[in-house]
Amino acid sequence: MMPLTAGAADFGVPSGTDMELHEVLLDIVDEQDWARFRFVAPSIDRSLQDAPDYFRLLNDFPVLCDKIALPYLTEYKLTPTVIAISMSDRVVEFGTADPDATQYFELFSIADGDCIWEEF
């Protein structure tokens with residue numbers, strides 16, 4: 001697995017939630033190349049009274065895939081089979097459980113240069 005880090009940016013997602021691209025991880029799962037785009041969005045903390053829930057954030061995932069993941073992959077000439085987009089209210093080390101963290105995940109494949117949502 002190779003970590004690639006990126007800085008803060010406003011991605012203009014439909015929910016209006018502020019988030020930062022924390023890291024991009026590349027790995028192999030079941031013989032498929034994966035690129036994991038891990039975003040941190042402190043305001044999704046479920047303990048906050050006005051935190052957006054998963055359904056409010058749902059339309060953010062394809063935007064993050066189209067506007068952040070695909071250009072990143074093109075820039076670095078990466079060709080994964082699967083793109084995983086995750087949002088967390090705090091930095092959580094990959095592969096580590098944190099029951100207090102609010103985390104959401106969605107998977108995408110790539111077809112004809114477009115992100116295809118793979119609902120699981």
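Some points to look at:
- Sorted largest first, extent of the chain alpha carbons per principal axis (Å): 41, 29, 29
- Using C-alpha pairs below 8 Å separated by at least 6 residues, the relative contact order for the chain is 23 percent.
- Placing unit charges on the Cβ atoms only, positive for Lys and Arg and negative for Asp and Glu, gives the chain a dipole magnitude near 180 debye about its Cα centre.
- Fully extended contour minus Cα-Cα distance, from Q32 to Q49, at 0.36 nm per residue: 2.2 nm
- Beta bridge orientation in the chain: antiparallel %, DSSP, nearest 5: 80
- Cα gyration tensor, the stretch 55-96 - rounded (a/c under 1.5), prolate or oblate: oblate
- Expressed as a whole percent, the accessible surface of the stretch 11-86 that belongs to carbon and sulfur atoms is 50, based on a 1.4 Å probe.
- Normalised per residue, the accessible area of the chain is 59 Å², obtained with a 1.4 Å probe and no contribution from ligands, DNA or RNA.
- Spatially, the stretch 56-93 and the stretch 11-27 are offset by 7 Å when compared through their Cα centroids.
The values are calculated or read from the model by the stated rules, or taken from the named source; none is laboratory data. All figures in this text were calculated on a predicted structure; none of them were measured in a lab. Neighbour counts run over all protein chains shown; Cβ positions are idealised from the backbone, glycine included. In case anyone asks, the SASA skips ligands and DNA or RNA and just uses the protein heavy atoms, side chains included. Shrake-Rupley method; radii C 1.70, N 1.55, O 1.52, S 1.80 Å.
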